[in-house]
1. So, GLY27, is that one crowded, with 17+ Cβ neighbours inside 10 Å and not aliphatic (A, V, I, L, M) or not?
2. Scan segment 153-173 for residues that are over 22 Å from ALA31 (Cβ atoms) and either modelled with pLDDT of 85 or more or crowded, with 19+ Cβ neighbours inside 10 Å (or both) and report the count.
3. Has segment 53-64 got at least one residue that is under 11 Å from the mean Cα position of the chain (by Cα) and open to solvent by less than 60 Å² (accessible area, probe 1.4 Å)?
4. If ALA91 satisfies all but one of (1) part of a loop (DSSP other than H, G, I, E, B); (2) of a type outside the set (Phe, Trp, Tyr); (3) modelled with pLDDT under 95, what's the number of the condition it fails?
5. So is GLY27 touching a residue at least 12 places away in the same chain (Cβ under 8 Å) and at positive phi or not?
6. Could you check SER102 against (1) over 15 Å from GLU166 (Cβ atoms); (2) among the polar types (S, T, N, Q); (3) modelled with pLDDT of 90 or more and say which number it fails?
7. If you take the residues in segment 68-87 that are touching a residue at least 24 places away in the same chain (Cβ under 8 Å) and open to solvent by 20 Å² or more (accessible area, probe 1.4 Å), which one is farthest from GLY22 (Cα to Cα)?
Amino acid sequence: MRAGAVGLAMVLVVVMGVSGAGKTTVGSRLAAKLGWKFYDADDYHSPENKKKMAEGIALNDEDRIPWLCALHDILRREHLSRQDAVLACSALKKMYRHVLVSGASAIESNHPEQPRENPALQVLFVHLDGPVDTIAGRLEKRRGHFMPPELLKSQFDTLEPPRVPENCVTVSLEKSLPEVVLEIERAIFQGEAFLK
C-alpha cells in the first residue's frame, strides 16, 4: 500500500483542529486503514494540564510547550525507525506546529523554520475544519473526556489555521468519516500536500 507515497521512505501525519473536530476518530481510522502507528496527543498531557482543562481553564503556551516537545520526540523516534505514523493533536498555533516539526529548537531559535541540531521533520498537517455549531454539538454528546465544551471558544480564539508554506491540507469535517479518510489518503499518496 505504500507504493506511490510521493517517493518518501515514510510519512508522518498530524491530524489537527479544535476539540471535537474528530481528530482521534479520523486519525485512528486513517492509521488502521493504512496499517500505520497511531498516537493520540491527549494521552500525553500531564495530569496538571488535564486537571486545568477539566476545571474549564484554557491551557497557555507554558502548559503546552513541554507536551508538544514530548510529541515531537515521538514523531522523531518514528522518523528514525522509518515508521509511518499518525498523531491526533490540536496543533492550534503555527508556533505549536513548528515545535512538532523541529522540537525545542523551534522555541530557542528566532527562525523556527531553520532548526539548529536536527533537520525538521517532514510532517503533513491535516486540518479538520468545520462550523462552530457542528463541533459544539459533537462536544455536547461526548462523555468521559477532560475537555469541557465551555473551552471550545478559547480553542477557536487560539486557532491559527495552517497556510502555505506549511505542509498542510484542510478537510471539511462535515463530510462522512470514510470521505474524510479517503481525502487524506489521496493527499498522502498523490503527493498533493507534500513539499518537494
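The values are calculated or read from the model by the stated rules, or taken from the named source; none is laboratory data. Computed from a prediction, not measured in an experiment: that's the story for all the values here. No Cβ is skipped: glycine too gets one built from the backbone with ideal geometry, and neighbour counts run over all protein chains shown. For the accessible areas, the whole protein counts, side chains as well, though only heavy atoms, and no ligand, DNA or RNA atoms are used. Shrake-Rupley method; radii C 1.70, N 1.55, O 1.52, S 1.80 Å.
1. yes
2. So the count comes out to 10.
3. Within segment 53-64 (the criterion being under 11 Å from the mean Cα position of the chain (by Cα) and open to solvent by less than 60 Å² (accessible area, probe 1.4 Å)), the answer is no, since none of the residues qualifies.
4. (3)
5. No, not satisfied.
6. (1)
7. Ranking the qualifying residues of segment 68-87, first place goes to ARG82.
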